[in-house]
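Enquirer: Shown below is the structure under consideration.
The values are calculated or read from the model by the stated rules, or taken from the named source; none is laboratory data. The shown structure was predicted, so the numbers you read here are calculated from the model rather than taken from an experiment. As a convention, Cβ positions derive from the backbone with ideal geometry for all residues, glycine included, and neighbour counts pool all protein chains shown. For accessibility, only protein heavy atoms count, side chains too; no ligands or nucleic acids. Shrake-Rupley method; radii C 1.70, N 1.55, O 1.52, S 1.80 Å.
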Amino acid sequence: MDLVKLKSVLQGEPKFRYKQVWQAMFRDFISTWQENTTLPITLREKLDEEVPLDIDAQMFGSKDNDTIKALITLEDKNKIETVLLTHIDGRHTVCVSSQVGCPLACEFCATGKLGFKRNLTAGEIVDQILFFNRHLLKTKGKDHKTNNVVFMGMGEPFLNYDNVMEAVRIINDKDGLNIGARHISISTSGIIDGINKFAKEDLQVNLAISLHAANDKLRAKLMPIDKKYPLGKMLRAVKNYVEKTDRQVMFEYLMIDGVNDTDKDVKDLIAIMDQPLYMVNLIRYNPTGGSFQPSTNEKIKKFKNALLRAGVKATQRYSMGDDIDAACGQLSARNAK
Ligand code: SAH
Ligand code: SF4
């Protein structure tokens, strides 16, 4: 959806039209303007022609159907992936992409292997959630819609800061998707400028940091961005964020066998998890084709217990959708062929 064009088409229309249009998009989840009978026919036709609502997507469901991946073809034919996760309690999380590809080339990430094409617009980000809300409405009825949004799909959200924030405001807006800020999370690889700006936003949106290694030597090998934003400086920005907002920060830590899961690694990690509002989320590495292997469950348990014993809050993320390459780090639009 092209929000800029939408605004220009609605220019000159009476104020209440905006309300009708937003209601149609974000409450009724219409997929063509013709479905909205409150609008005059001429306006409907104009909107359908200039700001079409349809989203071109192919869906892939996991075996147990708790995960659905959508491969979306954008207007310029670029492709992105977005994932719907349905939890045991029936709530729905959508994992959105913020860029086509990603410029940061992390060693373990399938998206990173694609390189970078372009930033997504706010409309293209919001569309990913609209797509699944329309799907949920059709298949499960009006009690089902997206409850949580995580910016953990393709791309680095803080390298597309303004569009991501514009999308966040629509997602959060009472007249928009009306999803509480506490149910929105942004994950960054540690872009300091973004963390600093984010600290100044008047928003309760959650911040997650992709850490994956607790010393620069290893982190720079896994995540080239560490050379530009080394750990010490990055953590100072995070500490400043916590002081300003008093909000918890989640550090994501992939568990890769023999690479970052040794006794020394856990020691280094304990040393830098020195704030009460820090917590570690351990994620078993999802294979993406290289030489890395996931840590064994036993090792992950040991690692987690060492953290807990040292007084560091730690949880393990349960991975969904790996059979359809929809799990964290596996998004590569490779079905695009
Ligand atoms: N670019 C942002 C957000 C997208 S990545 C970031 O890096 O934070 C979302 C999460 O998936 C990050 O924590 C990322 O490190 C993780 N991830 C990447 N590759 C993965 C893999 N192969 N297995 C499991 N998680 C992975
Ligand atoms: Fe980009 Fe995040 Fe993947 Fe790194 S992990 S390449 S920052 S999407």
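Enquirer: Evaluate region 258-266: report whether one residue or more is within 16 Å of ligand 2 (Cβ to nearest atom) and either in the same structural domain as Met320 (by TED's automatic domain parsing) or free of Cβ contacts under 8 Å to residues at least 40 places away in the same chain (or both).
Expert: Yes: region 258-266 contains one or more residues that are within 16 Å of ligand 2 (Cβ to nearest atom) and either in the same structural domain as Met320 (by TED's automatic domain parsing) or free of Cβ contacts under 8 Å to residues at least 40 places away in the same chain (or both).
Yes/no per residue for (1) away from ligand 1 (no atom under 16 Å from the Cβ); (2) charged (D, E, K, R):
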residue: Asp216; (1), (2): yes, yes
residue: Asp226; (1), (2): no, yes
residue: Val242; (1), (2): yes, no
residue: Asp246; (1), (2): yes, yes
residue: Thr262; (1), (2): yes, no
residue: Ala271; (1), (2): yes, no
residue: Lys299; (1), (2): no, yes
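Enquirer: Would you call Thr121 polar (S, T, N, Q) and away from ligand 1 (no atom under 16 Å from the Cβ)?
Expert: It is true that Thr121 is polar (S, T, N, Q) and away from ligand 1 (no atom under 16 Å from the Cβ).
Enquirer: Would you check which residues across region 273-299 are among the hydrophobic types (A, V, I, L, M, F, W, C) and within 18 Å of Ser332 (Cβ to Cβ) and list them?
Expert: Hits for region 273-299 are Ile283, Phe292.
Enquirer: Another one. Does Leu53 satisfy the criteria of being of a type outside the set (Val, Ile, Thr), open to solvent by less than 20 Å² (accessible area, probe 1.4 Å), more than 16 Å from ligand 1 (Cβ to nearest atom) and part of a loop (DSSP other than H, G, I, E, B)?
Expert: Criteria met by Leu53.
Enquirer: Among the listed residues Val164, Val126, identify the single one that is in contact with a Pro (Cβ under 6 Å, 6 or more places away or on another chain) and more than 10 Å from ligand 2 (Cβ to nearest atom).
Expert: Checking each option against the conditions leaves just Val164.
Enquirer: Across region 178-203, what is the number of residues that are more than 16 Å from the chain's Cα centre (by Cα), of a type outside the set (D, E, K, R) and at pLDDT 95 or above?
Expert: Count: 4.
Enquirer: Let me ask you something else. Considering only region 1-46, how many residues are within 26 Å of Leu136 (Cα to Cα) and not basic (Lys, Arg)?
Expert: Residues that pass the stated criteria total 24.
Enquirer: Quick check on region 99-120: of everything there that is part of a strand (DSSP E or B) and farther than 14 Å from Leu331 by Cα, which residue is most open to solvent (accessible area, probe 1.4 Å)?
Expert: Taking the candidates together, the pick is Lys117.
Enquirer: Can Asp323 be described as open to solvent by 10 Å² or more (accessible area, probe 1.4 Å) and not in a loop (DSSP other than H, G, I, E, B)?
Expert: yes
Enquirer: Further question on the same structure: Can you find even one residue in region 160-172 that is open to solvent by 50 Å² or more (accessible area, probe 1.4 Å), outside the structural domain of Met1 (by TED's automatic domain parsing) and at pLDDT below 95?
Expert: Looking through region 160-172, none of the residues is open to solvent by 50 Å² or more (accessible area, probe 1.4 Å), outside the structural domain of Met1 (by TED's automatic domain parsing) and at pLDDT below 95.
Enquirer: Can you go through Lys63, Lys19 and tell me which one is surrounded by fewer than 16 Cβ atoms within 10 Å (Cβ to Cβ) and not in a loop (DSSP other than H, G, I, E, B)?
Expert: Only one candidate passes the filter, namely Lys19.
Enquirer: Pick out the one residue from Arg236, Arg219 that is surrounded by 19 or more Cβ atoms within 10 Å (Cβ to Cβ), on the phi < 0 side of the Ramachandran plot and free of Cβ contacts under 8 Å to residues at least 24 places away in the same chain.
Expert: On inspection, the qualifying residue turns out to be Arg219.
Enquirer: Filter region 66-98 down to the residues that are open to solvent by 40 Å² or more (accessible area, probe 1.4 Å) and not in a loop (DSSP other than H, G, I, E, B) and list them by number.
Expert: Lys79
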